[in-house]
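Here the structure is laid out as structure tokens; the discussion comes afterwards.
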Amino acid sequence: MQSTDDLIRAFAAACEAGELVQAVLSDPFPGPSDRPRRLRVRPVVIRKQPVLQWTLQFDRSETHENLDRGESVGRLTRALESDYRQAVLTTTGAEVHYRRDRQGRVKLSEKARSRPQPDMAHDRQKAYLIPDGTPCPFLIDQGVMAPDGHVRAAMMHKFRQINRFLEFVEDVYADLPAEGTLLVQDYGCGKSYLTFAVHHLLSNVHGREVEILGLDHNPHVIETCCRTAERLGLDGLSFRTTRIADKEAEGKPLHLAVALHACDTATDDALIDAAGRTASVILAAPCCQHEVAARLAADAVPALTAHGILKERLAALATDALRAAALEAAGYRTQVLEFIETEHTPKNLLIRGVRRKAGGDGEGGIDTVWRTRYDDLKRSLGLGEASLRTDEILPPAAEEAARG
């Protein structure tokens, strides 16, 4: 019979052999509100001493603690016994998934994975998920890399953006299903640099089977993406010419939803569809928010709305705040993060939503507190009676009534 001790022994053995890449604990049991939603541990060297660095990720912040091997084994044991239901242990030769259900039954699954020896330098040069100098076929095909794997100088900003995005995906990988085919949809994929990157991360790095669908209304870019995927022989990756809401995919299960720089209410269209399909994770980088700006009451915040550029920025921030609050109300734990440095693009916010679990294995439930905050924000902006696309991200009224 599988047990928590099996994972603890695997963790200790990986530490002893110097093969630990990282361990991530997630899906906490109901308990104190100040408990981290995720723990991540990885080996580092600080002042020439090897230690294990624990990153405690809260909803709005994170902290770090450095422990020795014995302390870390003890902490892992306590955390799995009483605090967390799910864990992923990554070593240089394998990836082990741990899951405990509500009856206390433990399930472990292990797959062979080849990972490089971890670089334990604490103040090391930036380590990318797709490293510079290692040939990556889709980046070579799209002109980001030269054939020898080195990034072209003119494309370094794009290379950094791709890797920054993959860091966000890697951070929520433990929130995706541990087994089976991962279902991904990219709303408004454009030239699909990031769509191909997600395929690379999930398929090549994690060795998962995937079904990734890129959507865009421009038939020319979709044709180019289809040719690229076919030329590179990328299984599980397809593209379709359509608007954001794809009727063929409507209502189908979804694990990861991506909407990067979909213009104006197209972002809302993507969030509406993804939340309606109870996607496990949503990553959205909004762009060109005009709907609220056109309806913002002139006297809502007079010192700001009197100046055009300030009104525009206020409307953009208000729109993203409404989106985040609506996702919270619809059952998601959300964060608004910096996506990429402002030197590359002023549209640098990313809304990350991870679906909350009810009772451990159920879907995220209605959050009436955040619904109230959403309504209060609309009223404060003089938009209380206005019908906005963000309203449609909210759970249906019938569902809320049943919850109440």
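The values are calculated or read from the model by the stated rules, or taken from the named source; none is laboratory data. Fair warning: this is a prediction, and the values are worked out from it, not measured in the lab. All Cβ positions, even for glycine, are placed from backbone atoms using ideal geometry, and neighbour counts span all protein chains on display.
Residue check: G18 meets all listed conditions (1) loosely packed, with under 15 Cβ neighbours inside 10 Å; (2) of a type outside the set (D, E); (3) on the phi < 0 side of the Ramachandran plot but one, namely (3).
Conditions (1) surrounded by fewer than 19 Cβ atoms within 10 Å (Cβ to Cβ); (2) basic (K, R); (3) in contact with a Ser or Thr (Cβ under 8 Å, 6 or more places away or on another chain), marked per residue:
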position: T241; (1), (2), (3): yes, no, no
position: A297; (1), (2), (3): yes, no, yes
position: P302; (1), (2), (3): yes, no, no
position: L314; (1), (2), (3): no, no, yes
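Selection of first residues in region 341-359 that are within 17 Å of Q289 (Cα to Cα) and of second residues that are modelled with pLDDT of 75 or more and in a loop (DSSP other than H, G, I, E, B), restricted to Cβ pairs under 7 Å at least 6 apart or on distinct chains, gives the following pairs, ordered by first then second residue: N348/F339; L349/F339; L350/F339. One residue stands out among those in region 236-279 that are in a loop (DSSP other than H, G, I, E, B) and basic (K, R): the one that is modelled with the lowest pLDDT, which is K247.
Checked against (1) assigned by TED's automatic domain parsing to the domain that holds R35; (2) in contact with a Lys or Arg (Cβ under 9 Å, 6 or more places away or on another chain); (3) at pLDDT 90 or above, E71 passes all but condition (2). Cβ-Cβ contacts under 7 Å between residues 6 or more apart (or on different chains), taken from a first residue in region 24-51 that is not assigned by TED's automatic domain parsing to the domain that holds P177 to a second residue that is loosely packed, with under 15 Cβ neighbours inside 10 Å and in a loop (DSSP other than H, G, I, E, B), are listed as P36/F58; R37/F58; R37/D59; V44/H122; V45/H122; I46/H122; V51/D68. Applying the set (1) assigned to a loop (DSSP other than H, G, I, E, B); (2) closer than 21 Å to F138 by Cβ to V221 leaves exactly one unmet item: (1). Only helices (runs of 4 or more DSSP H) whose full extent lies in region 134-212 are considered here, and the ones with at least 3 residues that are among the aliphatic types (A, V, I, L, M) are 156-171, 193-199. Here L176 fulfils each of the conditions (1) outside the structural domain of L271 (by TED's automatic domain parsing); (2) in contact with a Ser or Thr (Cβ under 7 Å, 6 or more places away or on another chain) apart from (1).
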